[in-house]
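> What follows is a structure written as structure tokens; I'll ask about it next.
The values are calculated or read from the model by the stated rules, or taken from the named source; none is laboratory data. Source: prediction; values computed, not measured. Note: ideal-geometry Cβ built from the backbone for every residue, glycine included; neighbour counts use all protein chains shown.
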Ligand code: GLC
């Protein structure tokens, strides 16, 4: 049973750091987490009844030394029988799973979940810095003896920059009890104050994971997915308040804890925002986790991971958190400022496009991965409804091009009725002067944010590219986004791909909206700095739309400078001329974004596994019932001609 659940039931304090470390050291020992949880739970229960010195039960269960190395033989003897008995147990409970109570899903998952036994994927271990990439169709052999066919990268000469990039990426790998589990955010030897850049960030690991997967290495990704899954249900509080159960951390660190003179243990220490600068909520982490889980299956052919009960529960927890009812009037996800890649105050609270596009893809991935049974039926229905409402909302209300801006320019305001044209009461004076000149004749883009009487007209690259990749926007809109990229190449790419957003907030806007943030000065960092990591998403969007030459051009530009500049995190100035003021060097997702772009371009068939085509069935789902009643017109039916752009 989940320790957290039990503790809540008994109104007890959540597990202390000591308990946490015990639970995590249990992974290193190969003790299934459920058993470890039970051990902790028992400790608490007996504390309630008898007030004995805590840890007695736990200690008796885990009296073996806790250094990873010394436990290995213990693991092999004991964990096998524990695993076997838990598997038996798990099947018997599974049949009783109900689809209603989410807490029950969690508790049952606690009982049911396959313990964290990370099956090793054996493969040829060739050095990554070789000058020719591995080629043919490899076989990934799993420990149970099954083998999974998977596509492999084509032979290709690697450039000097690629060779160096692979070396840096390998150096960035973080190990937990001997196994690779992620990559640090940056490995800058000159950095005296790494803050949290020495941690594994969930979002930063995605391009690293894809580079490894495209190269044929699935181990690190599988380990990462399983370990972060365990962190999901962990204790997380900010000033005695706990966010929802499905929340995934922004990052985690492997710490070595000294237990006594002779023994140390490694523990995973997650950050759910409780240490992060500004205490920002990592809303995007869970969404990226789901997206990566699907990518892992697609690129390795190993679908057994996503079918595991604990993994299925992880997906459900994230989805339930995202789909929970609230005060929202819109199908878009309502979040605070800094809840994604832009993790500082930048005026993107509300319904920022980046979160919406990741949300949309995570919904599509979940629908694809959830195994169909009674316990997932309602959730899948809710996912379908949300997908449909979300895509309509974004396609219809976030889209701007020259025609739409002209329409807004002539808007009437203060319309009180259900069929108002200016539904969000946007005052035309809001159209920023820069946009009037900037918007090209051809092309368009999705707004950065939409709220009552508020449109954020800035162009946000990640949200727009990911809308193309996931088919959140219509096929025509996708074309138009790439047309805009071409037309505005100098502004968004300039000397270094790619601006995180365009244009910068300046003067009073900067002062009021960023709160005078000295890191986010105009044309720097999140405030319109250029981030090479965004190359991989641009590449995927271009490939999906059959325009790889655009990505090749951007990649060539980056390749000219990145190695010489020591792989900076970001660049500053309007045209991305200078290495960013406070930019880290040897930033892992810069390196990985570059490698992933290269590999995607070289392997279009693998790239195609990572994007989504239009789902025409979704467009027909309408649950409001207005059309049937005949009393009122459903705005979606009225707008259909516009959104059904085939
Ligand atoms: C910065 C970025 C964030 C990234 C982190 C680690 O905080 O804003 O997106 O995840 O650094 O690289």
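> For the stretch 248-267, what are the residues that are assigned to a strand (DSSP E or B) and within 30 Å of residue 283 (Cα to Cα)? Full working, then the answer.
Taking the stretch 248-267 first, the residues assigned to a strand (DSSP E or B) are 251-258, 264-267.
Hits for the stretch 248-267 are 251, 252, 253, 254, 255, 256, 257, 266, 267.
> Same structure, new question: Please verify whether residue 218 is buried (at least 21 other Cβ atoms within 10 Å of the Cβ), more than 16 Å from the ligand (Cβ to nearest atom) and modelled with pLDDT under 95, treating the condition exactly as stated.
Working: buried (at least 21 other Cβ atoms within 10 Å of the Cβ): yes; more than 16 Å from the ligand (Cβ to nearest atom): yes; modelled with pLDDT under 95: no.
Against the criterion (buried (at least 21 other Cβ atoms within 10 Å of the Cβ), more than 16 Å from the ligand (Cβ to nearest atom) and modelled with pLDDT under 95), residue 218 does not qualify.
> Quick one: which of 519, 553 is surrounded by fewer than 18 Cβ atoms within 10 Å (Cβ to Cβ) and within 14 Å of the ligand (Cβ to nearest atom)? Give the steps one after another, and end with the answer.
Details: 553 fails: within 14 Å of the ligand (Cβ to nearest atom).
Answer to the selection: 519.
> Would you point out the residue of the stretch 398-407, among those that are surrounded by 19 or more Cβ atoms within 10 Å (Cβ to Cβ) and without any contact (Cβ under 8 Å) to a residue 60 or more places away in the chain, that is farthest from residue 331 (Cα to Cα)?
400
> Next up: Hey, can you tell me all the residues within the stretch 251-282 that are modelled with pLDDT of 95 or more and within 16 Å of the ligand (Cβ to nearest atom)?
Those that are modelled with pLDDT of 95 or more and within 16 Å of the ligand (Cβ to nearest atom): 251, 252, 253.
> If you don't mind, another one. Would you confirm, using the coordinates I've provided, whether residue 339 is part of a helix (DSSP H, G or I), crowded, with 20+ Cβ neighbours inside 10 Å and touching a residue at least 40 places away in the same chain (Cβ under 8 Å)?
Details: part of a helix (DSSP H, G or I): no; crowded, with 20+ Cβ neighbours inside 10 Å: yes; touching a residue at least 40 places away in the same chain (Cβ under 8 Å): yes.
Against the criterion (part of a helix (DSSP H, G or I), crowded, with 20+ Cβ neighbours inside 10 Å and touching a residue at least 40 places away in the same chain (Cβ under 8 Å)), residue 339 does not qualify.
> Is at least one residue of the stretch 232-245 away from the ligand (no atom under 16 Å from the Cβ) and either in a helix (DSSP H, G or I) or modelled with pLDDT of 95 or more (or both)? So that I can check it myself, show each step before the final result.
Restricting attention to the stretch 232-245, the residues satisfying the condition of being away from the ligand (no atom under 16 Å from the Cβ) are 232-245.
If we keep only those that are either in a helix (DSSP H, G or I) or modelled with pLDDT of 95 or more (or both) too, we end up with 232.
Yes, some residue in the stretch 232-245 is away from the ligand (no atom under 16 Å from the Cβ) and either in a helix (DSSP H, G or I) or modelled with pLDDT of 95 or more (or both).
> Give the stretch 189-202 a look and list any residue that's in a loop (DSSP other than H, G, I, E, B) and within 11 Å of the ligand (Cβ to nearest atom), or say none.
Looking only at the stretch 189-202, we keep the residues that are in a loop (DSSP other than H, G, I, E, B), and these are 189-199.
Those that are in a loop (DSSP other than H, G, I, E, B) and within 11 Å of the ligand (Cβ to nearest atom): 194, 195, 196, 197, 198, 199.
> With the requirement that a residue be closer than 24 Å to residue 357 by Cα, more than 16 Å from the ligand (Cβ to nearest atom) and either touching a strand residue (DSSP E or B) at 6+ places or on another chain (Cβ under 9 Å) or not in a helix (DSSP H, G or I) (or both), what does the stretch 572-616 give you?
Within the stretch 572-616, 611, 612, 613, 614, 615 meet the criteria.
> Let me confirm something: among 567, 536, which residue is within 15 Å of the ligand (Cβ to nearest atom), over 27 Å from residue 510 (Cα atoms) and outside any helix (DSSP H, G or I)? I'd like the intermediate steps shown before the answer.
Working: 536 fails: outside any helix (DSSP H, G or I).
Going through 567, 536 in turn, just one is within 15 Å of the ligand (Cβ to nearest atom), over 27 Å from residue 510 (Cα atoms) and outside any helix (DSSP H, G or I): 567.
> Could you figure out which of (1) within 16 Å of the ligand (Cβ to nearest atom); (2) assigned to a loop (DSSP other than H, G, I, E, B) isn't true of residue 228?
That leaves (2) as the condition not met.
> Restricted to the stretch 342-363, and to residues that are assigned to a loop (DSSP other than H, G, I, E, B) and under 15 Å from residue 448 (Cβ atoms), which residue is nearest to the chain's Cα centre (by Cα)?
342
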